[in-house]
1. If you build the Cα gyration tensor of segment 100-185 and take the root of 5 times each eigenvalue, what three semi-axes come out, in whole angstrom, biggest first?
2. Among Gly136, Gly22, Gly117, determine the one that fluctuates most according to a GNM of the chain built with springs between C-alpha atoms less than 10 Å apart.
3. Quick one: what Rg and Dmax do you get for segment 44-90 from the alpha carbons, in Å?
4. Can you list residues from other chains, or at least 5 along the same chain, whose modelled amide H is less than 5 Å from the amide H of Val61?
5. Ignoring ligands, DNA and RNA, please state the percent of accessible area on the chain from carbon and sulfur, probe 1.4 Å.
6. Stokes-Einstein at 4 °C, 1.567 mPa s, Kirkwood radius from Cα pairs: D for segment 21-129 in µm² s⁻¹?
7. Can you give the calculated 222 nm mean residue ellipticity of the chain, where each DSSP H run of n ≥ 4 adds -39,500 (n - 2.57) and the sum is split over every residue, rounded to the nearest 500 deg cm²/dmol?
8. Excluding ligands and nucleic acids, what accessible area in Å² is computed for Trp29 using a 1.4 Å probe, to the nearest 10?
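The values are calculated or read from the model by the stated rules, or taken from the named source; none is laboratory data. Remember, predicted model here, so these are calculated numbers, not experimental data. Accessible surface is based on the protein model in full, side chains and every heavy atom, while ligands, DNA and RNA are left aside. Shrake-Rupley method; radii C 1.70, N 1.55, O 1.52, S 1.80 Å.
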Amino acid sequence: MSDPPPSSATPPSTGLTPAAYGASRATVWTGASVLITDAADRILLERVTYRTTRLLPGGAVDDKEAPTRAAAREVLEELGIHLPISRTLAVDWVPSTTPGYDPAHFPGEIIYVFDGGTWDSEQIAAIRPRQGEIEGVDFVDPADLPALMAPGNARRALAAFHARTTDGAVVLQDGYPITPPSPAS
């Protein structure tokens, strides 16, 4: 059995006060997205009003919100679907130095990708894209992701898609695997 994490009142033996220890911790953004496929193994992508590239459903994890809860909330807000979230497919570290981001305004981000399952025609017909944000959704062949998504987003989605067929999640850095997935059983 492992020790519980230290509380904010008792930092690990660093010689720092609780306030100084808290201030020394990394500040990064946290995001959650969901990989959803159809029976033909095509991946659901959203066409959004605020980007020229497409995205998996998802978004920011709010303060004090678990990533699984954020993923379920985002699917409900963006697609109008209640979806239980339980399986992690990928965890991606996107450094502040990633090309296309301004490190003065982007502290880096940890993005979780969860398995949203394979949807049948009834589930797909129930999708109600959020007006004003989601222009529409399409199920696309995985091979088309690099042409439709930003490079890191495409790598992350493809890694998560591949991880779905393995026994464990993949750990990524800017969409590139840093640990190999477990072999399929």
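1. On the way: eigenvalues 115, 93, 28 Å².
Computed over segment 100-185, the values are 24, 22, 12 Å.
2. The residue with the greatest mean-square fluctuation here is Gly22.
3. 11.2, 31
4. Long-range HN contacts for Val61: Thr30, Gly31, Ala32.
5. Values: 5800 of 10480 Å².
Looking at the chain in its full context, I get 55 percent from C and S.
6. Details: Rh = 15.1 Å.
Translational D for this selection: 86 µm²/s.
7. Details: 5 runs with 42 residues, N = 185.
Dividing the helical sum by the residues of the chain leaves -6000 deg cm²/dmol.
8. The value for Trp29 is about 120 Å².
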